[in-house]
Structures are given as structure tokens and as C-alpha cells.
Amino acid sequence: MAKLELRGVGKAYGATVALRQGDLEIEAGEVHALIGANGSGKSTLCKIVAGSVRPDRGEVLIDGRAVTVRGPEATGALGIGIFYQELSLARHRTVAENISLPRLPRKGGIFVDRAAMAAIADRHIALFAGVAGAGFGADVPVERLRPDQAQLVEIMKTLASEAAILIFDEPTSALDRAQAERFFEILRERKRAGVGIIFISHRMDEIFAIADRVTVIRDGETVGTARIEDTDPTAVINLMVGRHEAASADAPPDTGGEDGRASQSAAQAVLAVRGFSGPGFRDIGFAVAPGEILGFGGLHGQGQSAVLRAIFGALPGASGEIRLNGDALQPTGPRATIARGCAYISGDRSRDGVIHERPILENVTPIHFLRNRLGLAHPARLRDKAAPALEALKTKFAGFGHPVSSLSGGNQQKVVIARWLIDRPAVILLDDPTKGIDLSAKADLFALIRDLADEGIGIVLYSSEDAELLANADRILVFNGGRVTRVLSGAERTRHNLYRAAYEAA
Amino acid sequence: MKGAPTAAAAGPAGLRQFLVRFPFLPALCILIVLLALNGIFEPRSLSFRSLTGIVSTYLALMMLAVAQTYVVYAGDIDLSVGAIVSLVNVAIVALLQQMGGGGLTVLAVLGIGLAVGLACGIVNGLVVAWLRLQAIVATFATSILFTGLALWIMPVAGTPAPAAVWRTYGGRILEIPFVFWAVAALALVLAILARTRLTTQLLAVGDDAVRAYQSGLPVTRIRIRGYALCGVFAALAAFCVTGDTASGDPLVGAKMTLSSVAAVVLGGCALSGGVGTVTGSVLAAVIIGLINSLVYFVGTPSEWQNLVQGLAIIVALMAGVLVTRWARS
Ligand SMILES: Nc1ncnc2c1ncn2[C@@H]1O[C@H](COP(=O)(O)OP(=O)(O)OP(=O)(O)O)[C@@H](O)[C@H]1O
Ligand SMILES: [Mg+2]
């Protein structure tokens, strides 16, 4: 008998069908991966199990008995713990408080048992000892943490539920390799203890590393389940996209003209940076030639994002020389750099991108307003401008007037990207832009980026996924401890070289 | 960022972290400055007697600032606190007038006063959290309701409170003024409340109500409890008002509502919720009191007093907000 079973679960938001037909069986002691394109309904399915979304139809069974999950409050008693894709942390509370928040230890009826809370926190922080990174501790407010550290806290909070059913909705999207490895060890341990685990990720390698079974969900419908040893990534992707396409391989892109590009002098460069230092990075120098995609690689949080944010003017305290098409650029603030034609796209949508609760149209057009100094809105004309940009990315949305928060994570990201494409920028800084984007959307995105590069726009790409970097960047700067320790170009761009440079002590 | 902290950066960074941990520090600094200014312009204003006077007058506002703090913690607001003060004030004065001013009777009546405050708070909580009306509009509406009740109980101001009440409030116990005992008791109660689960839960709800709900917190119940606590402290504020003015007045609290909001902000709370301390709110209530007395001591002509008070409060608010913003940047 399955630990958790979903039968024909469905959910619609007005005209949008979030989940058409969810059928799923989780055994005790298995890791069950769920994979599917953006907006295919994975998070909706998880939220239904966790009680934060009420299904329109269908049944949820635990240990063979049908249950009604009346709300997240009820999950504790039912033995369900969930990691939310968009995290459920209170920013100003400490790590310890967040870990215990759903079940604050009680003392004397009304008081928080601080000692017990600290003990719970210490136990869970110890699980990630050595990989959590600097500045992590039980008493640190969550707002002071890096995104990967916040994600670790959400993981700890989920584990602290000690539930028999654990749901992880993209828990590894911000983690570096060491953190993810540690997390997988913990999952294996829980699995041995008989916990049933749902694991969602867009990273195929992770799924094949940890899952016992994988279920593919497409357009709100669970279309197939397979044992991991009976399938392979190509089969999974084929099932996911529902059409037969070769899975994109690791192969470097067309290298024609490669050397010509790399040897172009800094004078012709779209973007040239020299002796650039700031919080989290030192003495960075590089030049992006027209038509070139320059990659930033290495382990997570080695200064790649910081450099991009500093160039964009969003990270004060940096010094050094930046030239944009030969003219000096003072990154005094995003307004100044945007006016000069800088575009910055981050994977951290909720912090850097999306204007929550506002319509999609308003989310696509702010840069257009800024660059053209528009004072008055003319919705019909703006729509004409916004529509091609959104279409180029195959964004799935019901209407311009719908709030952006009604979109899935991946489609929200497309809206953020689209806003930079209305007016042609001089340089695009991509800061891990594909976080939470499905595979086919990624392919669309990188095809588009290559087109933009060919038009002469300078592109700098930081990606936490090595495969993405190897497949798309013409040159890769490997970051380690805030410095560029290696530059890989041409045939050197192999996974082996990348790993070696990334793992070497700085 | 992994950036190695340099020795030079440790200074301001350390101060910032300190400020984030103790958000009431700016208020404390402003308070000390104001005390010094008061002392310079009128040395007698720092005498024990006049400090006792300030505390007697502004203890009610301290209580009310505390009341407001608990709802602001959760990202809500209560514009009916002043009306609750008025209602409790006239209710206890009317009851005492009918039942006489004996010791036990007074205690019983105070108990009823607390119950009235609690009931008002629960009504607010139900309207805001359960019926999901906008807090700012809903509590404005309930404030009219509560004021209406107060006017029904006592249509005109002026009914005197029994001597036992104001003698106790203005008197001394063991040579120490009663109001200082009250402040000590308030400090104790606040210290206890700070350790409750409710405080942590209120702050978590204020941080992000949806996330708190997804975490499994009973958000509606928590917000109602915040309003209930607010009602109780508003009743305590009403007791102080009654002790200080020695009479019933159905409109006495009206002008205190926005002062309580100002105190909460000045004390370091974010109106969006999730950040703040009751200590800061209490200090800020005293600041507002000191500003008023300072304006008087520097000899501002009476027709200018309101204007100068307003300006001084704006300056204090700005200083507090700027420091807080710097600390959080
Ligand atoms: N609260 C909501 N209101 C309206 N539509 C919603 C809401 N939540 C989800 N949807 C829609 O339901 C669909 C499924 O969303 P869901 O978040 O489950 O996708 P997902 O598979 O988790 O995608 P991703 O990989 O991008 O996280 C999307 O098209 C989304 O726009
Ligand atoms: Mg999702």
C-alpha cells in the first residue's frame, strides 16, 4: 500500500487549469522525482498535498485512507512536511526561529522553549556543517543570508517536521554542488528510515542521482512513471516535451571565428573591465567582444553575481575601470547604467525582478519607460511593444492584465527577461538567469541570446549549471574566492577543466 | 557575499548589526538628547517631581504605544485604540459612580474595564482577520462604534472618578511614586510577553502572512490574538488616563490614536510588520511627552506650540527612520 496516493487531483484558477489530472503514488522509503516544464503544475500538486491549495476534485490518500487536508495547519498531524519553491521563511526572524516556526517548542503553556529551539536548530545546522558557508548561524536573521543559505534553512525547516512524507519543490535550485551532495546524503538517510519523499528538480543529473522513480508531468497531467534504472534522460525529456527531439548535448557551440573573437583588442570590446574590485571580488579584468558570449563559472557564490551586480550599479562599494563601447561607465546606480544600455537579468526573481501583484504589462514595460523617459502610459501601444518580446520567449500567459504572480516561476522569469528586449541594450548581464526554468524554455532562451550576441550585443553569462555554461559560452572565466583563476576558451572548455579550476584552493 | 570583512569595515558594520538587533537604540539616543535639552532650558525639569509628572501624564501613551505595537508586529494597524481608551474610561467611571469607590469595588470595576478592552480588541480582530476587511478602514469604523458606545454611556465629560483612584495613581507606595511601580510592572509584563510564542508568531505573520500560513501557523487566530492583546493594553491606558484626569470623558482618547502610531514608528517598528520592539515604542511615547514639555520650557508662545511640537516630532521621526534605514542598508 502506498504511503501517499493522489487520484485524479485537479485545480483550476478561473480559466487557467493549473492541474488537470494528477495521479501519483509514493511508497514509504522512496525518493520520487517529479519533472515537467514550467507551469506544468508541479508546485500546484505539491501545494494540494500540503493543504495550502484546495483541490477542485480528486482524492488524497495517506496509508490508504482518504484524507481532507484542511490547510497547512493540519499537515503536522498528517505527517507531511513541505519545502516551498518560493520559500516560506520569515525574513526578519532568525534561522533557529524559522526552523521551528511551524511547531515552536512550548514551555509553561505560552512561552517559547528557547533551549529546545536552539537544540533543534543546532541539530539541523550540523547536518550541513562545512557546506553552509560564511555568516551562517542559528541566530542570524534570514534576510542576512545568501539565497543558497536561505534555501538550506527551508530544507532544515522541512526536515524538522520529522514527517513521514516530505515534499521538496526545487530545493536545490540555489545550492552549490557540495550543498546538494550533502542534501542528497540526508535524503538517502531519511529514505532508509522509511520516509516517502517527493523531489522536484529541473536538473536531470540530480534526478538520476537521487530518485528511485520519476514521474513526468506535462500540461497539468501526470503522463508517465518509470523506475530510474529502466529509463534515461532522453526518454524522460521525450516524455516531458511530448515530441521527439534529441536532447541537447554538452557539445560546445560552433567554434568558427572563435579565435578571431577572443583576440580582438579591448578597444573594440563592447564591455571592458579592468582592475575591478568590490565586496566579494578582487582585481577582475575582462573584455567582451561583439558577438561573444562570455561565461562566468565556478562554484556558487565565488563573486560571479557580485561582479555583475556591481557593473550594473546595484552593488555599491566597487572600484575599477569599466568601459562600455570604449566610453567610461560610472556604475553609480541601475538608473545610470540602464540609460547607457546595460541590461541585468537575475534568477532571483522575487528580489530583483518581479513587481508582485502588478499586471504582466506593467512588469514588461518599466525599462521601456526608463530608457525612453516616457511620462504617460498608452496601454494599447505598450502592448504592441511587449507582445513580440514575450512571444519570442514563448511565454505562457492568459492576458496582459493578469497579475504577474499568477504565472509559474518559469513564466515569471520570461516576463522579466522580456522587459529588456523591447529596447535593444548594448550589453546584457545574465546572473544565473535560468533558475527554475524548464529545459525547453532554456533552449529557447539560449537560442535567443545567441541571436542577440550575433547582432553585436555583448553578453556576460553567469550560470550555476555547468552544462549550460559549457554549451553556450564562447569563453569561460572560472571564479574562485572572488578572483578569476582560469580562462577557458576554445577546446579547453571541458567539464574536466572547469571542475578542476573551480575546486582548486584559491 | 563571501567577502572577507576588513578591520576598517568592522566598525560601522558592527554598529549596524547592533542597530538591527536593538532597533530601539535611535529612540533611546533621542530620549537622552531631549532630557539634556530639557535640563539646559529648565534645570528644574529634571527634578524628580517634574519627571514624575511627565511619567504620570504620558504613562497612558506608553501603554497605548505598547497596545499598537502588538498589532503592528503582525502588519496590521488599530485606529480604534483611542476610542477603546475613551470607552473603558467612561465605563469604569460610570460604574464606580454607581457602585461607590471602595477598594474591592475598584478592583472589580478595573477587571470589568479590562474585559471591555479585551472585547473591543476581539471585535477588531474578528472584523480584520476573520472578515478580512482592510485593517485601516475596519478599525476606523469600529472606532466610531466604540465612541458611540462611550457617548451613550456618558454623553458629556466631567463625571468625577472616586478619590481612591486618583489618590492611588498620584500617590506613593514605600516612598516611591505609584506611577514608577506601574512602569516597573509594565517592564516586567513586557519582558514576559517578549518570551511568548505569540510574539514570535505575530512577528512571523507580519513578515509575510502568506508564508506564515504556508508554514502552518494559524494566521487568523494569531492576528485576532494580537488585536485582543492590543485591547487589553488600551484598557490599561484608560486606567492611567482615569488616574491622571480623575474624571470620565467620552472623547478623551481620540487624540491619542495617532500619537500611538507615531510612537510605534519612532520606536523602530515597521508599519509593514515583522520588525520592532515594545521597548522602542515605550521610549518613543516618552519622547513625545518630552518634546511637549520641552516646547513649553523653551517658552514657545502658546499659538506656536502645536506647530513646534509637530515639527519636533517630524525631526525625531526622520532621525529615527534615517538611522534605521542606514542600519538595514
Ligand atoms: N494562484 C494562482 N493563480 C492563478 N494561476 C496560477 C496560480 N498558481 C499557479 N497558477 C498557474 O497554474 C499553472 C501551474 O503552475 P505551477 O506553479 O504548479 O507550475 P510548476 O510546474 O511548478 O512550474 P515551475 O517549474 O515554473 O515552478 C501555471 O500556468 C500557473 O500560471
Ligand atoms: Mg513550481
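The values are calculated or read from the model by the stated rules, or taken from the named source; none is laboratory data. For clarity, every value in this text was computed on a predicted model and none was experimentally measured. Here the Cβ is made from the backbone with ideal geometry for all residues, glycine too, and neighbour counts use every protein chain on show. Surface accessibility is based on the protein's heavy atoms, side chains included, excluding ligands, DNA and RNA. Shrake-Rupley method; radii C 1.70, N 1.55, O 1.52, S 1.80 Å.
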- Message: Just to be sure I understand: of the beta bridges DSSP finds with both ends in the protein assembly as shown, what percent are antiparallel, rounded to 5?
- Response: 55 percent
- Task: Mind giving me the FRET efficiency for residue A:377 and residue B:136? R0 is 25 Å, r the Cβ-Cβ distance, nearest 0.05 is fine.
- Result: 0.35
- Peptides B:117-124, A:225-232: what's the order by average Cβ count within 10 Å, highest mean first? B:117-124, A:225-232
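Which order do the peptides B:140-148, A:324-332 come out in when sorted by mean C-beta neighbours inside 10 angstrom, highest first? It would help to have the intermediate numbers written out before the result.
Details: B:140-148: 18.2, A:324-332: 14.3.
The most tightly packed comes first, giving B:140-148, A:324-332.
Other chains near B:273-285: what is the mean number of their Cβ atoms within 10 Å of each residue's Cβ?
1
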- Using only protein heavy atoms and a 1.4 Å probe, report how much of residue B:167 is accessible, in Å² to the nearest 10. 150 Å²
- Note on the structure: Expected integer from the mean partner chain Cβ neighbour count at 10 Å over B:194-205 is 5
- Message: Suppose every Lys and Arg Cβ carries +1 and every Asp and Glu Cβ carries -1, with no other charges. What dipole size does segment A:286-380 come out with about its Cα centre, to the nearest 20 debye?
- Response: 200 debye
- Query: How large is ³J(HN,Hα) for each residue in segment A:282-295, as worked out from phi by the Karplus curve 6.51 cos²θ - 1.76 cosθ + 1.60 (θ = phi - 60°), to whole Hz, x for Gly and Pro?
  - Reply: 9, 6, 8, x, 6, 9, 9, 7, x, x, 9, 9, 9, x
- Helix-only [θ]222 nm of chain A, DSSP H runs n ≥ 4, -39500 (n - 2.57) each, per residue, nearest 500: -10000 deg cm²/dmol
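Quick check for you: with a 1.4 Å probe and neighbouring chains kept, what is the accessible area per residue of the protein assembly as shown, in Å²? All intermediate terms of the calculation are to be shown ahead of the outcome.
Details: 35360 Å² over 835 residues.
About 42 Å² of surface per residue is accessible.
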- Identify, among A:410, A:388, A:353, the residue whose Cα sits farthest towards the positive end of the charge dipole of segment A:345-424, taking +1 on the Cβ of Lys and Arg and -1 on the Cβ of Asp and Glu, with the dipole about the Cα centre. A:388
- Put +1 on the Cβ of every Lys and Arg and -1 on every Asp and Glu Cβ in the protein assembly as shown; which of A:484, B:114, A:469 then has its Cα farthest towards the positive end of the dipole? B:114
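Do the sum for chain B: with -39,500 (n - 2.57) for every DSSP H run of n ≥ 4, divided by all residues, what is the mean residue ellipticity at 222 nm, to the nearest 500 deg cm²/dmol? Walk me through the numbers before you get to the answer.
Details: 14 runs with 243 residues, N = 329.
Result for chain B, helices only: -25000 deg cm²/dmol.
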- Message: Tell me the total accessible area that A and B bury against each other, 1.4 angstrom probe, in square angstrom rounded to 100.
- Response: 2700 Å²
- Picking from B:201, B:324, B:171, whose Cα lies most toward the positive end of the charge dipole for chain B (charges on Cβ: Lys, Arg +1; Asp, Glu -1)? B:201
- Cα centroid of segment A:391-444 to Cα centroid of segment A:148-195, whole Å: 28 Å
- Message: For B:175, A:321, give me the order by solvent-accessible area with a 1.4 Å probe, most accessible first, ignoring ligands, DNA and RNA.
- Response: B:175, A:321
- Post the alpha-carbon centroid distance, segment A:368-385 to segment B:58-78, in whole angstrom. 44 Å
- Query: Suppose every K and R has +1 on its Cβ and every D and E has -1 on its Cβ; what is the size of the dipole of the protein assembly as shown about the Cα centre, in Debye to the nearest 20?
  - Reply: 1760 debye
- Message: Please list, in order along segment B:106-116, the HN-Hα scalar couplings obtained from phi with the Karplus expression 6.51 cos²θ - 1.76 cosθ + 1.60 (θ = phi - 60°), rounded to whole Hz, x for Gly and Pro.
- Response: 4, 4, 4, 5, 4, x, 4, x, 4, 4, 4
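Apply 1/(1 + (r/R0)^6) to the Cβ-Cβ distance of residue B:15 and residue A:61, taking R0 = 60 Å, and write down the FRET efficiency to the nearest 0.05. Each step should come with its number before you reach the end.
Numbers: r = 56 Å, r/R0 = 0.94.
FRET efficiency, residue B:15 to residue A:61: 0.60.
Which order, highest average first, do B:38-50, A:77-89 follow once you tally other Cβ atoms within 10 Å for each residue and take the mean per peptide?
On the way: B:38-50: 13.8, A:77-89: 22.2.
Output ranking for B:38-50, A:77-89: A:77-89, B:38-50.
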- At 7 Å along the Cα-to-beta-carbon direction for both residue B:306 and residue B:40, put a label point, then send me their distance in nm to one decimal. 2.9 nm
- Task: Within a 10 angstrom radius of each residue's Cβ in A:17-23, how many Cβ atoms of other chains show up on average? Whole number is fine.
- Result: 0
- Tell me, how many Å apart are the Cα centres for segment B:228-302 and for segment A:1-61? 51 Å
- Setting aside same-chain residues fewer than 8 positions from residue A:42, which lysines have a Cα under 28 Å from its Cα? A:3, A:11, A:157, A:191, A:394, A:396, A:414, A:435, A:442
- Which of B:250, B:162, B:12 moves most in a GNM of chain B, Cα contacts under 10 Å? B:12
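Accessible area of segment A:91-162 with a 1.4 Å probe: how many percent of it is carbon plus sulfur? Display every interim value, and only then the final one.
Details: 1570 of 2790 Å².
So the carbon and sulfur contribution to the accessible surface is 56 percent.
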- Query: Based on Cβ point charges of +1 for Lys and Arg and -1 for Asp and Glu, what charge dipole magnitude is obtained for segment A:91-162 about its Cα centre, in debye rounded to the nearest 20?
  - Reply: 180 debye
